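Asker: Encoded as C-alpha coordinates, here's the structure I'll be asking about.
The values are calculated or read from the model by the stated rules, or taken from the named source; none is laboratory data. Note that the structure is a prediction, hence the values are computed from the model and not measured. Please note: Cβ atoms are built from the backbone with ideal geometry, for glycine as well, and neighbour counts cover all protein chains shown. Note: areas computed on protein heavy atoms with side chains; ligands, DNA, RNA excluded. Shrake-Rupley method; radii C 1.70, N 1.55, O 1.52, S 1.80 Å.
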Amino acid sequence: MTILITGGAGFIGSNFVIDWLATQGEPVVNLDALTYAGNLHNLVALNGDSRHHFVHGDITNRSLLDQLLQQHRPRAVLHFAAESHVDRSIHGPGAFIKTNVEGSFTLLEATRSYWNTLEDEAKAAFRFLHVSTDEVYGSLSPEAPAFTEDHVYAPNSPYSASKAASDHLVRAWHHTYGLPVLTTNCSNNYGPFHFPEKLIPLMIVNALAGKPLPIYGDGQQVRDWLYVRDHCSAIRAVLAGGRVGETYNVGGWNEMANVDIVHTVCKLLDELQPSPQGPYARLITHVKDRPGHDRRYAIDARKIETELGWRPAETFDSGIRKTVQWYLDHPQWVANVQSGAYREWLEEQYTTAAGSNLSIASTASIASTASIAPTAPTASIAPTASTASIAPTASTASPAPTAPITPVA
Ligand code: NAD
Ligand code: DAU
(Lines give C-alpha, C1' and ligand atoms only; values in the text may rest on other atoms or scores of the structure.)
(Ligands and ions follow the chains in the order given, each with its own letter.)
Protein backbone atom coordinates (compact mmCIF):
# COMPACT_ATOMS: atom_id res chain seq x y z
CA MET A 1 0.00 0.00 0.00
CA THR A 2 1.01 3.62 -0.43
CA ILE A 3 0.03 6.97 1.02
CA LEU A 4 0.17 10.28 -0.80
CA ILE A 5 1.10 13.33 1.19
CA THR A 6 1.16 16.96 0.14
CA GLY A 7 3.62 19.48 1.55
CA GLY A 8 6.12 16.87 2.70
CA ALA A 9 9.16 19.11 2.20
CA GLY A 10 7.89 21.67 4.71
CA PHE A 11 8.40 21.74 8.46
CA ILE A 12 5.71 19.34 9.68
CA GLY A 13 5.43 17.37 6.45
CA SER A 14 9.13 16.48 6.34
CA ASN A 15 9.09 15.44 10.00
CA PHE A 16 6.03 13.35 9.21
CA VAL A 17 7.55 11.56 6.21
CA ILE A 18 10.69 10.67 8.18
CA ASP A 19 8.63 9.55 11.15
CA TRP A 20 6.21 7.59 8.96
CA LEU A 21 8.89 5.64 7.15
CA ALA A 22 10.66 4.90 10.44
CA THR A 23 7.54 3.69 12.21
CA GLN A 24 5.24 2.36 9.47
CA GLY A 25 7.53 1.60 6.56
CA GLU A 26 4.73 2.11 4.06
CA PRO A 27 5.82 3.89 0.86
CA VAL A 28 5.10 7.60 0.56
CA VAL A 29 4.46 9.71 -2.50
CA ASN A 30 5.42 13.20 -1.43
CA LEU A 31 3.99 16.02 -3.57
CA ASP A 32 5.40 19.45 -2.84
CA ALA A 33 5.64 22.66 -4.87
CA LEU A 34 8.86 23.66 -3.07
CA THR A 35 7.85 27.20 -2.30
CA TYR A 36 10.24 29.18 -0.10
CA ALA A 37 9.03 26.94 2.79
CA GLY A 38 9.80 23.66 1.05
CA ASN A 39 13.31 22.40 1.66
CA LEU A 40 14.66 19.15 0.26
CA HIS A 41 17.52 19.34 2.76
CA ASN A 42 14.91 18.33 5.35
CA LEU A 43 14.69 14.96 3.62
CA VAL A 44 18.35 14.08 3.15
CA ALA A 45 18.00 11.29 5.71
CA LEU A 46 15.87 9.54 3.10
CA ASN A 47 18.45 9.70 0.32
CA GLY A 48 18.48 6.33 -1.39
CA ASP A 49 15.29 5.18 0.32
CA SER A 50 13.10 3.74 -2.43
CA ARG A 51 10.02 4.00 -0.22
CA HIS A 52 10.13 7.80 -0.60
CA HIS A 53 8.96 9.06 -3.95
CA PHE A 54 9.28 12.84 -4.20
CA VAL A 55 7.24 14.70 -6.79
CA HIS A 56 7.80 18.35 -7.47
CA GLY A 57 4.41 19.80 -8.27
CA ASP A 58 1.53 21.98 -7.21
CA ILE A 59 -1.75 20.92 -5.61
CA THR A 60 -3.59 23.34 -7.88
CA ASN A 61 -2.48 21.23 -10.87
CA ARG A 62 -5.44 18.92 -11.44
CA SER A 63 -3.92 16.86 -14.22
CA LEU A 64 -0.83 16.15 -12.15
CA LEU A 65 -3.01 15.08 -9.22
CA ASP A 66 -5.08 12.78 -11.44
CA GLN A 67 -1.95 11.25 -12.87
CA LEU A 68 -0.35 10.65 -9.45
CA LEU A 69 -3.48 9.14 -7.97
CA GLN A 70 -3.95 6.79 -10.92
CA GLN A 71 -0.30 5.83 -11.02
CA HIS A 72 0.26 5.20 -7.30
CA ARG A 73 -3.26 4.28 -6.16
CA PRO A 74 -2.79 5.44 -2.55
CA ARG A 75 -4.96 4.13 0.26
CA ALA A 76 -4.90 7.60 1.86
CA VAL A 77 -4.18 11.22 1.04
CA LEU A 78 -2.69 13.33 3.85
CA HIS A 79 -2.92 17.02 3.10
CA PHE A 80 -0.23 19.18 4.75
CA ALA A 81 0.54 21.59 1.90
CA ALA A 82 -0.34 25.18 2.71
CA GLU A 83 0.91 28.68 2.95
CA SER A 84 1.39 28.69 6.70
CA HIS A 85 2.79 31.99 7.99
CA VAL A 86 0.35 34.51 9.45
CA ASP A 87 2.64 37.52 8.88
CA ARG A 88 3.03 36.66 5.20
CA SER A 89 -0.73 36.29 4.86
CA ILE A 90 -1.14 39.84 6.11
CA HIS A 91 1.27 41.18 3.50
CA GLY A 92 0.16 38.97 0.62
CA PRO A 93 -3.09 37.05 1.13
CA GLY A 94 -3.45 35.98 -2.52
CA ALA A 95 -1.08 33.02 -2.28
CA PHE A 96 -3.02 31.79 0.76
CA ILE A 97 -6.32 31.75 -1.11
CA LYS A 98 -4.65 30.08 -4.08
CA THR A 99 -3.02 27.21 -2.19
CA ASN A 100 -5.11 26.81 0.94
CA VAL A 101 -8.53 27.26 -0.66
CA GLU A 102 -8.18 26.58 -4.39
CA GLY A 103 -5.46 23.98 -3.86
CA SER A 104 -7.48 22.13 -1.22
CA PHE A 105 -10.53 22.23 -3.49
CA THR A 106 -8.53 20.82 -6.42
CA LEU A 107 -7.07 18.09 -4.25
CA LEU A 108 -10.52 17.17 -2.92
CA GLU A 109 -11.95 16.98 -6.42
CA ALA A 110 -9.10 14.87 -7.77
CA THR A 111 -9.32 12.60 -4.74
CA ARG A 112 -13.08 12.24 -5.12
CA SER A 113 -12.71 11.20 -8.77
CA TYR A 114 -10.06 8.65 -7.88
CA TRP A 115 -11.99 7.38 -4.85
CA ASN A 116 -15.06 6.82 -7.01
CA THR A 117 -13.09 4.37 -9.15
CA LEU A 118 -12.12 2.17 -6.18
CA GLU A 119 -13.71 -1.20 -5.42
CA ASP A 120 -16.10 -1.20 -2.45
CA GLU A 121 -13.62 -2.50 0.11
CA ALA A 122 -10.85 -0.08 -0.90
CA LYS A 123 -13.39 2.72 -1.08
CA ALA A 124 -14.54 2.09 2.47
CA ALA A 125 -10.98 1.88 3.78
CA PHE A 126 -9.77 5.02 1.98
CA ARG A 127 -9.08 8.20 4.01
CA PHE A 128 -8.49 11.87 3.18
CA LEU A 129 -6.79 13.45 6.21
CA HIS A 130 -6.73 17.23 6.29
CA VAL A 131 -4.11 18.88 8.52
CA SER A 132 -5.51 22.11 9.91
CA THR A 133 -4.93 24.55 12.72
CA ASP A 134 -6.41 25.80 15.99
CA GLU A 135 -6.31 29.32 14.51
CA VAL A 136 -9.64 28.68 12.77
CA TYR A 137 -11.33 29.08 16.17
CA GLY A 138 -10.10 32.66 16.65
CA SER A 139 -9.00 34.24 19.91
CA LEU A 140 -9.84 33.24 23.51
CA SER A 141 -10.17 35.53 26.51
CA PRO A 142 -7.78 34.71 29.39
CA GLU A 143 -10.26 32.68 31.44
CA ALA A 144 -12.23 31.06 28.60
CA PRO A 145 -12.17 27.27 28.35
CA ALA A 146 -9.84 25.79 25.76
CA PHE A 147 -11.06 25.09 22.21
CA THR A 148 -13.05 21.89 21.83
CA GLU A 149 -13.97 20.45 18.44
CA ASP A 150 -17.40 22.11 18.79
CA HIS A 151 -16.00 25.61 19.18
CA VAL A 152 -17.42 28.14 16.73
CA TYR A 153 -15.17 29.05 13.79
CA ALA A 154 -13.99 32.68 14.05
CA PRO A 155 -10.78 33.08 12.01
CA ASN A 156 -9.12 36.49 12.24
CA SER A 157 -6.21 36.48 9.79
CA PRO A 158 -6.10 35.82 6.05
CA TYR A 159 -4.16 32.63 6.90
CA SER A 160 -6.69 31.32 9.40
CA ALA A 161 -9.61 32.33 7.17
CA SER A 162 -8.10 30.39 4.29
CA LYS A 163 -7.56 27.35 6.53
CA ALA A 164 -11.13 27.65 7.84
CA ALA A 165 -12.37 27.71 4.25
CA SER A 166 -10.44 24.52 3.50
CA ASP A 167 -11.86 22.84 6.63
CA HIS A 168 -15.37 23.68 5.41
CA LEU A 169 -14.65 22.26 1.97
CA VAL A 170 -13.36 19.04 3.51
CA ARG A 171 -16.47 18.77 5.66
CA ALA A 172 -18.74 19.43 2.68
CA TRP A 173 -17.00 16.81 0.52
CA HIS A 174 -17.82 14.28 3.22
CA HIS A 175 -21.42 15.30 3.76
CA THR A 176 -22.25 15.80 0.09
CA TYR A 177 -20.17 13.17 -1.66
CA GLY A 178 -19.40 10.72 1.13
CA LEU A 179 -15.61 11.16 0.83
CA PRO A 180 -14.13 9.53 3.97
CA VAL A 181 -12.41 12.53 5.53
CA LEU A 182 -10.67 13.26 8.82
CA THR A 183 -9.57 16.71 10.01
CA THR A 184 -7.01 17.58 12.67
CA ASN A 185 -6.79 21.05 14.23
CA CYS A 186 -3.43 21.47 15.87
CA SER A 187 -1.74 24.10 18.01
CA ASN A 188 1.70 25.68 17.46
CA ASN A 189 4.34 23.13 16.53
CA TYR A 190 8.05 23.46 17.19
CA GLY A 191 11.06 21.22 16.56
CA PRO A 192 13.62 20.33 13.86
CA PHE A 193 13.37 21.85 10.35
CA HIS A 194 11.19 24.76 11.52
CA PHE A 195 11.68 27.65 9.10
CA PRO A 196 13.20 30.61 10.96
CA GLU A 197 10.39 32.99 10.20
CA LYS A 198 8.32 31.49 13.04
CA LEU A 199 8.79 32.52 16.66
CA ILE A 200 10.93 29.77 18.18
CA PRO A 201 13.43 29.13 15.36
CA LEU A 202 13.67 32.86 14.67
CA MET A 203 14.61 33.52 18.29
CA ILE A 204 17.23 30.76 18.24
CA VAL A 205 18.94 31.83 15.02
CA ASN A 206 18.75 35.55 15.78
CA ALA A 207 20.16 35.06 19.28
CA LEU A 208 23.08 33.02 17.94
CA ALA A 209 23.74 35.76 15.39
CA GLY A 210 23.56 38.49 18.06
CA LYS A 211 20.51 40.03 16.37
CA PRO A 212 17.44 41.53 18.07
CA LEU A 213 14.75 39.15 19.33
CA PRO A 214 11.54 40.89 18.21
CA ILE A 215 8.55 40.36 20.46
CA TYR A 216 5.28 41.67 19.06
CA GLY A 217 3.49 44.11 21.37
CA ASP A 218 3.58 43.21 25.06
CA GLY A 219 4.44 39.55 24.38
CA GLN A 220 1.59 38.35 26.58
CA GLN A 221 -0.14 36.51 23.72
CA VAL A 222 -0.63 32.89 24.68
CA ARG A 223 -0.20 29.86 22.44
CA ASP A 224 -0.29 26.12 23.07
CA TRP A 225 2.97 24.46 21.99
CA LEU A 226 3.35 20.93 20.64
CA TYR A 227 6.58 19.18 19.74
CA VAL A 228 6.36 18.34 16.04
CA ARG A 229 6.99 14.62 16.46
CA ASP A 230 4.02 14.46 18.81
CA HIS A 231 1.95 16.01 16.05
CA CYS A 232 3.20 13.28 13.72
CA SER A 233 2.13 10.54 16.12
CA ALA A 234 -1.26 12.23 16.54
CA ILE A 235 -1.81 12.23 12.78
CA ARG A 236 -0.88 8.57 12.62
CA ALA A 237 -3.36 7.82 15.39
CA VAL A 238 -6.16 9.75 13.66
CA LEU A 239 -5.44 8.11 10.33
CA ALA A 240 -5.48 4.67 11.91
CA GLY A 241 -8.47 5.01 14.18
CA GLY A 242 -10.24 8.33 13.71
CA ARG A 243 -13.97 8.21 12.99
CA VAL A 244 -14.77 9.27 9.44
CA GLY A 245 -16.15 12.79 9.18
CA GLU A 246 -14.83 13.76 12.63
CA THR A 247 -12.39 16.48 13.60
CA TYR A 248 -9.74 16.04 16.29
CA ASN A 249 -8.01 18.82 18.19
CA VAL A 250 -4.32 18.18 18.81
CA GLY A 251 -2.37 20.07 21.46
CA GLY A 252 0.49 19.83 23.90
CA TRP A 253 -1.23 20.96 27.12
CA ASN A 254 1.46 23.67 27.13
CA GLU A 255 -0.06 27.14 27.20
CA MET A 256 2.63 29.80 27.39
CA ALA A 257 2.98 33.53 26.77
CA ASN A 258 5.34 34.49 23.95
CA VAL A 259 7.61 36.47 26.26
CA ASP A 260 8.08 33.37 28.44
CA ILE A 261 8.88 31.27 25.38
CA VAL A 262 11.59 33.72 24.37
CA HIS A 263 13.09 33.82 27.87
CA THR A 264 13.12 30.01 27.95
CA VAL A 265 15.00 29.89 24.64
CA CYS A 266 17.47 32.49 25.88
CA LYS A 267 18.15 30.59 29.11
CA LEU A 268 18.74 27.34 27.23
CA LEU A 269 21.16 29.08 24.90
CA ASP A 270 22.91 30.66 27.90
CA GLU A 271 23.43 27.14 29.22
CA LEU A 272 24.29 25.33 25.97
CA GLN A 273 26.22 28.00 24.08
CA PRO A 274 26.87 31.04 26.26
CA SER A 275 27.62 34.31 24.54
CA PRO A 276 30.75 36.26 25.54
CA GLN A 277 28.55 39.37 25.34
CA GLY A 278 26.33 38.16 28.20
CA PRO A 279 22.84 36.65 28.54
CA TYR A 280 20.89 36.36 25.30
CA ALA A 281 17.85 38.03 26.91
CA ARG A 282 19.73 41.34 26.43
CA LEU A 283 18.67 41.07 22.75
CA ILE A 284 14.92 41.06 23.47
CA THR A 285 13.22 43.97 21.72
CA HIS A 286 9.53 44.80 21.83
CA VAL A 287 8.29 45.79 18.37
CA LYS A 288 5.00 46.89 16.82
CA ASP A 289 2.25 44.34 17.26
CA ARG A 290 0.96 42.09 14.47
CA PRO A 291 -2.31 43.49 13.05
CA GLY A 292 -5.31 41.53 14.29
CA HIS A 293 -3.05 39.56 16.62
CA ASP A 294 -5.00 36.79 18.38
CA ARG A 295 -4.52 37.04 22.12
CA ARG A 296 -4.83 33.45 23.20
CA TYR A 297 -5.20 29.94 21.77
CA ALA A 298 -5.68 26.87 23.95
CA ILE A 299 -6.48 23.32 22.90
CA ASP A 300 -8.68 20.86 24.72
CA ALA A 301 -7.18 17.61 23.45
CA ARG A 302 -9.38 15.24 25.44
CA LYS A 303 -11.26 13.83 22.43
CA ILE A 304 -8.18 12.42 20.74
CA GLU A 305 -7.00 11.05 24.08
CA THR A 306 -10.33 9.44 24.98
CA GLU A 307 -11.10 8.01 21.56
CA LEU A 308 -7.64 7.18 20.26
CA GLY A 309 -5.44 7.02 23.34
CA TRP A 310 -3.08 9.71 22.05
CA ARG A 311 -1.17 12.02 24.39
CA PRO A 312 1.96 14.05 23.67
CA ALA A 313 5.16 12.31 24.71
CA GLU A 314 7.16 15.51 25.23
CA THR A 315 6.74 18.16 27.88
CA PHE A 316 7.62 21.68 26.81
CA ASP A 317 10.84 21.45 28.85
CA SER A 318 12.00 18.30 27.07
CA GLY A 319 10.80 19.38 23.61
CA ILE A 320 12.32 22.85 23.68
CA ARG A 321 15.65 21.49 24.91
CA LYS A 322 15.75 19.01 22.01
CA THR A 323 14.80 21.78 19.61
CA VAL A 324 17.47 24.25 20.72
CA GLN A 325 20.05 21.46 20.68
CA TRP A 326 18.97 20.49 17.14
CA TYR A 327 19.59 24.04 15.88
CA LEU A 328 22.98 24.10 17.60
CA ASP A 329 23.83 20.77 15.97
CA HIS A 330 22.73 21.85 12.47
CA PRO A 331 24.42 25.19 11.70
CA GLN A 332 24.72 24.21 8.03
CA TRP A 333 20.96 23.73 7.71
CA VAL A 334 20.44 27.17 9.23
CA ALA A 335 23.12 28.72 7.00
CA ASN A 336 21.58 27.18 3.88
CA VAL A 337 18.17 28.52 4.77
CA GLN A 338 19.50 31.95 5.55
CA SER A 339 21.64 32.21 2.44
CA GLY A 340 19.06 30.70 0.13
CA ALA A 341 21.43 27.84 -0.74
CA TYR A 342 18.69 25.33 0.02
CA ARG A 343 16.94 26.58 -3.11
CA GLU A 344 20.01 26.09 -5.27
CA TRP A 345 20.20 22.49 -4.13
CA LEU A 346 16.84 21.94 -5.77
CA GLU A 347 18.28 22.97 -9.10
CA GLU A 348 21.12 20.51 -8.60
CA GLN A 349 18.66 17.71 -7.96
CA TYR A 350 17.08 18.27 -11.34
CA THR A 351 20.19 18.88 -13.37
CA THR A 352 22.65 16.42 -11.79
CA ALA A 353 20.92 13.09 -11.96
CA ALA A 354 23.93 11.22 -10.60
CA GLY A 355 24.03 13.37 -7.51
CA SER A 356 20.48 12.66 -6.53
CA ASN A 357 19.27 9.90 -4.30
CA LEU A 358 15.84 11.41 -4.01
CA SER A 359 13.22 9.86 -6.14
CA ILE A 360 11.96 12.73 -8.20
CA ALA A 361 9.07 11.65 -10.34
CA SER A 362 9.27 11.75 -14.05
CA THR A 363 5.82 13.02 -14.94
CA ALA A 364 4.71 15.11 -17.81
CA SER A 365 3.38 17.66 -15.40
CA ILE A 366 6.71 18.27 -13.81
CA ALA A 367 7.79 20.01 -16.94
CA SER A 368 5.05 22.52 -16.41
CA THR A 369 6.23 23.27 -12.90
CA ALA A 370 9.87 23.27 -13.87
CA SER A 371 10.19 26.97 -13.70
CA ILE A 372 9.75 27.42 -10.02
CA ALA A 373 7.96 30.68 -9.97
CA PRO A 374 8.95 32.92 -7.11
CA THR A 375 5.95 32.64 -4.85
CA ALA A 376 4.25 35.83 -3.90
CA PRO A 377 5.06 35.81 -0.21
CA THR A 378 8.82 36.11 -0.44
CA ALA A 379 8.65 38.60 -3.23
CA SER A 380 6.06 40.89 -1.78
CA ILE A 381 6.48 40.70 1.96
CA ALA A 382 7.63 43.93 3.46
CA PRO A 383 10.56 43.38 5.77
CA THR A 384 9.34 43.40 9.34
CA ALA A 385 11.26 42.97 12.51
CA SER A 386 10.70 39.25 12.26
CA THR A 387 11.34 38.65 8.59
CA ALA A 388 14.17 41.09 8.06
CA SER A 389 16.66 38.61 9.39
CA ILE A 390 15.68 35.83 7.01
CA ALA A 391 18.20 36.05 4.28
CA PRO A 392 16.25 34.58 1.35
CA THR A 393 14.60 37.37 -0.53
CA ALA A 394 12.96 37.47 -3.91
CA SER A 395 16.35 37.40 -5.51
CA THR A 396 17.88 34.56 -3.53
CA ALA A 397 14.96 32.48 -2.39
CA SER A 398 13.59 31.40 -5.71
CA PRO A 399 16.25 30.99 -8.35
CA ALA A 400 14.33 29.59 -11.28
CA PRO A 401 16.34 26.81 -12.87
CA THR A 402 17.68 28.05 -16.15
CA ALA A 403 18.89 24.75 -17.56
CA PRO A 404 16.26 22.42 -18.94
CA ILE A 405 15.14 20.12 -16.23
CA THR A 406 16.22 16.53 -16.46
CA PRO A 407 13.71 14.62 -14.40
CA VAL A 408 15.47 12.03 -12.27
CA ALA A 409 13.92 8.64 -12.52
P1 NAD B 1 5.38 24.95 5.97
O2 NAD B 1 5.07 26.32 5.48
O3 NAD B 1 6.63 24.70 6.71
O4 NAD B 1 5.34 23.91 4.76
C5 NAD B 1 4.35 23.94 3.78
C6 NAD B 1 4.80 23.03 2.64
O7 NAD B 1 3.76 23.05 1.63
C8 NAD B 1 6.09 23.50 1.96
O9 NAD B 1 6.95 22.41 1.74
C10 NAD B 1 5.61 24.09 0.64
O11 NAD B 1 6.56 23.97 -0.40
C12 NAD B 1 4.37 23.24 0.37
N13 NAD B 1 3.41 23.94 -0.50
C14 NAD B 1 2.96 25.22 -0.38
N15 NAD B 1 2.11 25.50 -1.37
C16 NAD B 1 1.99 24.37 -2.12
C17 NAD B 1 1.25 24.03 -3.27
N18 NAD B 1 0.44 24.93 -3.86
N19 NAD B 1 1.34 22.79 -3.77
C20 NAD B 1 2.17 21.87 -3.18
N21 NAD B 1 2.91 22.15 -2.09
C22 NAD B 1 2.82 23.38 -1.57
O23 NAD B 1 4.11 24.55 6.84
P24 NAD B 1 4.04 23.63 8.14
O25 NAD B 1 4.33 24.46 9.33
O26 NAD B 1 4.81 22.41 7.91
O27 NAD B 1 2.49 23.30 8.17
C28 NAD B 1 1.98 22.13 7.50
C29 NAD B 1 0.47 22.11 7.68
O30 NAD B 1 0.14 22.09 9.06
C31 NAD B 1 -0.23 23.34 7.10
O32 NAD B 1 -1.43 22.92 6.51
C33 NAD B 1 -0.51 24.21 8.32
O34 NAD B 1 -1.64 25.01 8.11
C35 NAD B 1 -0.73 23.16 9.38
N36 NAD B 1 -0.41 23.55 10.76
C37 NAD B 1 0.81 24.08 11.06
C38 NAD B 1 1.12 24.38 12.40
C39 NAD B 1 2.46 24.93 12.80
O40 NAD B 1 2.64 25.29 13.95
N41 NAD B 1 3.45 25.00 11.91
C42 NAD B 1 0.16 24.16 13.40
C43 NAD B 1 -1.09 23.65 13.04
C44 NAD B 1 -1.36 23.33 11.71
O1 DAU C 1 -1.63 27.87 16.10
C2 DAU C 1 -1.16 27.12 15.00
C3 DAU C 1 -0.43 28.03 14.04
O4 DAU C 1 0.83 28.32 14.63
C5 DAU C 1 -0.24 27.43 12.66
O6 DAU C 1 -1.50 27.22 12.08
C7 DAU C 1 0.60 28.35 11.78
O8 DAU C 1 0.85 27.75 10.53
C9 DAU C 1 1.91 28.61 12.48
O10 DAU C 1 2.68 29.53 11.74
C11 DAU C 1 1.66 29.17 13.89
O12 DAU C 1 1.08 30.48 13.79
P13 DAU C 1 1.53 31.65 14.77
O14 DAU C 1 1.17 32.96 14.18
O15 DAU C 1 1.04 31.38 16.16
O16 DAU C 1 3.12 31.39 14.75
P17 DAU C 1 4.34 32.40 14.81
O18 DAU C 1 5.54 31.59 15.12
O19 DAU C 1 4.39 33.28 13.61
O20 DAU C 1 4.02 33.32 16.06
C21 DAU C 1 3.86 32.76 17.35
C22 DAU C 1 3.55 33.90 18.29
O23 DAU C 1 4.73 34.70 18.44
C24 DAU C 1 2.48 34.84 17.79
O25 DAU C 1 1.72 35.31 18.89
C26 DAU C 1 3.27 35.99 17.17
C27 DAU C 1 4.50 36.04 18.02
N28 DAU C 1 5.73 36.49 17.34
C29 DAU C 1 6.08 35.87 16.19
C30 DAU C 1 7.23 36.23 15.53
C31 DAU C 1 7.60 35.55 14.23
C32 DAU C 1 6.53 37.47 17.90
O33 DAU C 1 6.21 38.01 18.98
N34 DAU C 1 7.67 37.82 17.25
C35 DAU C 1 8.05 37.26 16.07
O36 DAU C 1 9.09 37.64 15.51
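Asker: Below 14 angstrom from the Cβ of SER113, what's the summed charge of the other residues (Lys, Arg +1; Asp, Glu -1)?
Answerer: Overall, the nearby charge balance is +2.
Asker: Counting alpha carbon pairs within less than 8 Å and at least 6 residues apart, what relative contact order, in whole percent, applies to region 191-329?
Answerer: Once divided by the residue count of region 191-329, the mean separation gives 40 percent.
Asker: Could you please state how large a percent of the accessible area of region 246-326 is carbon and sulfur, counting protein chains only and using a 1.4 Å probe?
Answerer: Heavy-atom surface of region 246-326 belonging to carbon and sulfur, 1.4 Å probe: 51 percent.
Asker: Tell me, what is the per residue accessible area of region 238-313 in Å², probe radius 1.4 Å? List each step's numbers first, then the result.
Answerer: Details: 3740 Å² over 76 residues.
It amounts to 49 Å² per residue over region 238-313.
Asker: By the scheme Lys and Arg +1, Asp and Glu -1, what is the net charge of all other residues having a beta-carbon under 13 Å from that of ASN61?
Answerer: After counting each charged neighbour, the total is -3.
Asker: Given a cut-off of 24 Å, name the pairs among LYS163/LYS211; LYS198/LYS288; LYS211/LYS288 whose C-alpha atoms lie farther apart than that in the structure shown.
Answerer: LYS163/LYS211
Asker: A further question on this structure: Just check region 49-99 against the gyration tensor rule for me: Cα atoms, a ≥ b ≥ c as the square roots of the eigenvalues, rounded for a/c under 1.5, and otherwise prolate or oblate depending on whether a/b exceeds b/c.
Answerer: Values: a/c = 2.95, a/b = 2.07, b/c = 1.42.
The shape class here is prolate.
Asker: Would region 1-88 count as rounded, prolate or oblate if I go by the C-alpha gyration tensor, calling it rounded below 1.5 in a/c and otherwise prolate when a/b exceeds b/c, oblate otherwise?
Answerer: Since a/c reaches 1.5 but b/c is at least a/b, the shape of region 1-88 is classed as oblate.
Asker: How high is the relative contact order of region 217-268, in percent, counting Cα pairs under 8 Å that sit 6 or more residues apart? Walk me through the numbers on the way to the answer.
Answerer: Details: 38 pairs, mean separation 30.8, N = 52.
Contact order relative to length: 59 percent.
Asker: Here's a follow-up. Taking the mean number of other Cβ atoms within 10 Å as a proxy for protection, how do you rank 202-210, 62-70 from highest to lowest?
Answerer: Descending packing order for the listed peptides: 202-210, 62-70.
Asker: In straight Cα distance, which aspartates and glutamates are under 20 Å from LYS123, not counting same-chain residues fewer than 8 positions off?
Answerer: By straight Cα distance, LYS123 reaches GLU26, ASP66, GLU109, GLU246.
Asker: What part of the accessible area of region 119-178, given as a whole %, is carbon or sulfur when the probe is 1.4 angstrom?
Answerer: Carbon and sulfur: 52 percent of the exposed surface of region 119-178.
Asker: Mind checking the per residue accessible area of region 1-56 for me, 1.4 Å probe, whole number of Å²?
Answerer: Per-residue value: 26 Å².
Asker: With charges only on Cβ, +1 for K and R and -1 for D and E, what is the dipole size of region 75-179 about its Cα centre, in debye, rounded to 20?
Answerer: About 300 debye.
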